[in-house]
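What follows is a single structure, written as structure tokens, with notes after it.
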Amino acid sequence: MPRPITPVMRSRNPFPQDDLVRDADGVLRYPDAPATLLDALRTHVELRPDAEAVVELGGDRLTYAQLWRRAARVAGGLRARGVTAGDRVAVRYTAGRDWALAFWGTLLAGGIAVAVNSRSTPVEVESVLGDAGVKVDLPADAPLPDGEPHVTTDVVAADVAALFYTSGTTGRAKGVPITHEAFVTNAENLIRCLGIPRDAGSELRTLISVPLFHVTGCNAQFVVAACLGGTSVIMPGLDLPRLAAALAEERISFLVTVPAVYALLLRHPAFTGADVSGVRWLAYGGAPVAPSLVRRLKEAFPAAAVINGYGMTETASLITVLPDRDAAEHADSVGYAVPSVELGVVPIGDDPYTGELVVRGVTVTTGYWRRPDATAQAIRNGWLHTGDIVRVDETGRIHIVDRIKDIINRGGENISSVEVEAVLLSAPGVADAAVLAVPDDVMGEKVGAVLFGDGAEIDVAEVLAHCGERLADFKVPQYATVVTEALPRNAGGKLLKNRLRDQVRWGGPLR
């Protein structure tokens, strides 16, 4: 018998829901929001054609009119290559002008943009391309498609706009379809929770230093800027001195990244004396955050509202936001439910407000791409089960207690321990393996491996080289220990990782 869901109260939630309406299914919606991403973009193409839409640091600058015209030519090129409504286009360019044009061009063609992790190995990329059923692949070294301008006219709010891939506990990447309405609704939630004025288009300049193939960079920055008529200033790769200089040079007002990058930035010599007076909104998320870092951020960016956010690929980004007023005093919380979502707790004990967090709303995906079994496991009776154990305090603030899934969060990159374990088990001399999170002051967590050889001698360097050939670099263990006794397991064969965490003593990092 399933345990009843405890609703998360909103009586002290600071984010207004005044103009949200419930549809026949009880789902909250913004009735006056643009129906699609193309509607949102077109508004600013018509109203502010000469305003900057996209800037690639060290590269091109595109106004809204230029972005629309060039993306329409990309759409024409895709149509000439057979793309029709609902076809998938893999966007594999590095972050910058071409990524932006490929994304918008795919939507203008009526297609679905598949955001592929540029750090993936060839084997991982092929798996994603095959799973998505990609019609056109746009690798990083390919020229942008070009053709007679095309603008689709039959896209609706419920159509899928993009596919993002996430790794679950099985280690197999799962595609998450995100609709046009989910993109627009997530943007509206963020605008309201951050308190960004509606007329801030000319002032909103967001510096995107996180990957655009993640929902943080794409949904919480790139799309938000487009919905407000602001500017996306995109860094092709993380460069801390360049980031520090760009704050003033590009008049950045909105900055988002993971705590690890903020920690590195604050201690970098290039940040000393940097002009940060224009930064009005500073957000972080995607990884645990230390209260000391929050205090340092508030000191370093005195004119900025400091905001924490928590979300998932499956929810098109944000689920909760911790406002500036709570940022320092309640740094252990990820905040309150954003306006359009409803949160609940499936209790794990006697306390009805401690248990697994569940969420429903228009931003929540209706299911994984071509994965009915995974969908049935994650989404039950309209609620997405997040796999995160939380505690809800008396104000409705959410506190993450633990993760059901053994996902390691390395600087905002989610790593499946099961996936890494599978590769370790195929390495020479390894009879058994367990992957654990190793706490790290900068990255939040790093990957640690416990290896058992069952009498065989294990060459750790050889094992890591084996992993490097099969895993993206950020997934390769940075810590390893070889044990002489079999790894602890229960009667069902499941690794007892809590016991391992108590037993293992890590040495220094291996790389």
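Just so it is clear, none of the values below were taken in a lab; they were calculated from the coordinates. Because the structure is predicted, anything quoted here is derived from the model rather than measured. Here Cβ is always computed from backbone atoms with ideal geometry, including for glycine, and neighbour counts include all displayed protein chains.
Annotations for the structure displayed:
- If the Kirkwood radius is taken over C-alpha pairs of segment 335-412, then at 20 °C and 1.002 mPa s the Stokes-Einstein diffusion coefficient equals 159 µm²/s.
- With neighbours defined as other Cβ atoms within 10 Å of a residue's Cβ, the residues Arg79, Arg119 order from fewest to most as Arg119, Arg79.
- Ranking of Ser202, Ser340, Ser118, Ser317 by count of other Cβ atoms within 10 Å, fewest first: Ser202, Ser118, Ser340, Ser317
- When the convex hull of its Cα atoms is viewed from all sides, segment 108-199 shows a mean projected area of 9.0 nm².
- DSSP assigns beta bridges within the chain; of those with both partners inside it, close to 60 percent run antiparallel.
- Over segment 43-202, the pair-distance histogram of Cα-Cα distances with 10 Å bins from zero comes to 10, 35, 38, 15, 2 percent, rounded to whole numbers.
- Each of Asp350, Asp440, Asp473 has some number of other Cβ atoms within 10 Å of its Cβ, and from fewest to most they run Asp350, Asp473, Asp440.
- Lys/Arg +1, Asp/Glu -1 at C-beta; the chain dipole; positive extreme among Pro122, Val74, Val420: Val74
- Positive-end residue, segment 409-503 charge dipole about Cα centroid, Cβ charges, pick of Leu471, Pro488, Val450: Pro488
- Fraction of antiparallel bridges per DSSP, segment 409-503 only, in percent to nearest 5: 70 percent
- Charge-dipole axis of the chain as Lys and Arg at +1 and Asp and Glu at -1 on Cβ define it, positive-most pick from Asn381, Gly508, Leu238: Asn381
- Neighbourhood net charge (12 Å Cβ-Cβ; Lys/Arg +1, Asp/Glu -1) for Val89: +3
- Environment charge at Ser277 (Cβ cut-off 15 Å; Lys +1, Arg +1, Asp -1, Glu -1): -1
- Whole-number D in µm² s⁻¹ for segment 117-258, Kirkwood Cα-pair radius fed into Stokes-Einstein, 25 °C, 0.890 mPa s: 142 µm²/s
- Proximal lysine pairs, the chain, alpha carbons under 25 Å, eight or more residues apart or interchain: 15
- Anisotropy class assigned to segment 409-503 is oblate, per the alpha carbon gyration tensor with a/c at or over the 1.5 cut-off and a/b no larger than b/c.
- Each Lys and Arg contributes +1 and each Asp and Glu -1, all at the Cβ; summed about the Cα centre of the chain, the dipole is approximately 180 debye.
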